[in-house]
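The values are calculated or read from the model by the stated rules, or taken from the named source; none is laboratory data. All of these numbers come straight from a predicted model, not from anything done at the bench. Cβ placement follows ideal geometry from the backbone for every residue including glycine, while neighbour counts extend to all protein chains displayed. Note: accessible area is taken over every heavy atom of the protein model, side chains too, but ligands, DNA and RNA are not part of it. Shrake-Rupley method; radii C 1.70, N 1.55, O 1.52, S 1.80 Å.
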Amino acid sequence: VQLVKLGEGGAQALYRITVLFLRLKDAKTARTYLAKAKSAGDTDKKTWFEIGEAFAKLGYSSTAIEAYDNCLRKDASMEDALLKVAALLEKTKKDSAAAERYMELYQLDKSKNKEYLEKAAQLFDKSGASSKAHKAYTSASKNSSMGVKGKLRLAELEFDKKNYKAVIELLGDLPESQVSLKAAVLLSESCFAVKNYKKALEYVTLILKK
């Protein structure tokens with residue numbers, strides 16, 4: 001190992017040594033060689049992904065994220081790497097950053113990855129980014145990828161904005177069995193606000209049953 005020379009091919013040898021130490025579960029030494037490898041040059045996306053996977057398994061989330069990001073720098077459409085970064089950011093409580101990555105996943109393939117739109121909305125919401133949460137929830141509601149929980153949260157956000165018609169559109173078609181106490185309150189108040197007193201009374205009656 002000490003005889004490895006930097007120069008043509010030197011960087012790649014250092015990256016392979018990094019991988020070998022990771023397979024030996026010696027993360028400390030692997031990080032040392034990774035630093036040397038990066039100083040010597042770059043490597044391919046496959047190697048970066050492999051390094052990211054290994055560091056993630058050993059619990060080195062920040063180093064893993066950096067490796068996956070280098071992989072994405074080589075190929076921004078590599079969904080596996082993007083999903084790994086999003087999951088690690090979520091695991092390390094970096095909710096807003098994780099949400100941004102889930103949004104990137106959605107943008108890569110809106111049909112296949114529509115489930116990540118609501119997940120992004122939830123994480124934006126959790127991080128206090130209510131405007132981004134509202135936008136993501138709204139997009140999710142339009143492509144029919146959102147569950148009852150998401151609809152209820154979006155309805156709350158709309159209610160806070162006094163968008164009472166939007167609340168009714170989101171929750172008004174739910175079967176009675178799925179109308180929670182919170183949903184019934186939002187619907188009764190919204191119906192009252194738009195002067196649909198008959199419907200408001202129906203939801204008040206439902207509230208009394210809860």
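So K28 fits all but one of (1) at negative phi; (2) open to solvent by less than 40 Å² (accessible area, probe 1.4 Å); what number is the exception?
(2)
Collect the residues in the stretch 41-52 that are assigned to a helix (DSSP H, G or I) and surrounded by 19 or more Cβ atoms within 10 Å (Cβ to Cβ), keeping them in residue-number order.
T47, W48, F49, E50, I51, G52
So, D80, is that one touching a Phe, Trp or Tyr at 6+ places or on another chain (Cβ under 8 Å), among the acidic types (D, E) and modelled with pLDDT of 95 or more or not? Walk me through it before giving the result.
On the way: touching a Phe, Trp or Tyr at 6+ places or on another chain (Cβ under 8 Å): yes; among the acidic types (D, E): yes; modelled with pLDDT of 95 or more: yes.
So D80 fits the description; yes.
It is to be established whether one or more residues within the stretch 121-132 are among the aliphatic types (A, V, I, L, M) and open to solvent by 40 Å² or more (accessible area, probe 1.4 Å).
No; the residues of the stretch 121-132 include none that is among the aliphatic types (A, V, I, L, M) and open to solvent by 40 Å² or more (accessible area, probe 1.4 Å).
Kindly establish whether A81 is more than 8 Å from the chain's Cα centre (by Cα), open to solvent by less than 20 Å² (accessible area, probe 1.4 Å) and of a type in the set (G, A, S).
yes
Hey, can you tell me all the residues within the stretch 148-168 that are open to solvent by less than 30 Å² (accessible area, probe 1.4 Å) and under 19 Å from A129 (Cα atoms)?
Initial filter on the stretch 148-168 (open to solvent by less than 30 Å² (accessible area, probe 1.4 Å)): 150, 154-155, 157-158, 166-167.
Those that are open to solvent by less than 30 Å² (accessible area, probe 1.4 Å) and under 19 Å from A129 (Cα atoms): G150, L154, A155, L157, E158.
What number of residues within the stretch 14-25 are closer than 19 Å to G59 by Cα, of a type outside the set (A, V, I, L, M) and open to solvent by less than 20 Å² (accessible area, probe 1.4 Å)? Break it down into steps so the answer makes sense when it comes.
Residues of the stretch 14-25 that are closer than 19 Å to G59 by Cα, as a first pass: 18-25.
Pick out the ones that are also of a type outside the set (A, V, I, L, M) and you get 18, 21, 23, 25.
Cutting the leftovers down to open to solvent by less than 20 Å² (accessible area, probe 1.4 Å) gives us 18.
So the count comes out to 1.
Please work out which residue is farthest from T138 (Cα to Cα), limiting yourself to the stretch 169-210 and to residues that are of a type in the set (D, E) and surrounded by 12 or more Cβ atoms within 10 Å (Cβ to Cβ).
At the first step, the residues of the stretch 169-210 found to be of a type in the set (D, E) are 169, 173, 176, 189, 202.
Those still in the list that are surrounded by 12 or more Cβ atoms within 10 Å (Cβ to Cβ) too: 169, 189, 202.
Details: E169: 12, E189: 21, E202: 27 Å.
Within the stretch 169-210, the match that is farthest from T138 (Cα to Cα) is E202.
In the stretch 182-203, what count of residues is obtained for those that are over 36 Å from the mean Cα position of the chain (by Cα) and either in contact (Cβ under 8 Å) with a residue 60 or more places away in the chain or not in a helix (DSSP H, G or I) (or both)? Walk me through how you get there before you give the answer.
Filtering the stretch 182-203 for residues over 36 Å from the mean Cα position of the chain (by Cα) gives 192, 195-202.
Pick out the ones that are also either in contact (Cβ under 8 Å) with a residue 60 or more places away in the chain or not in a helix (DSSP H, G or I) (or both) and you get 195-196.
Number satisfying all stated conditions: 2.
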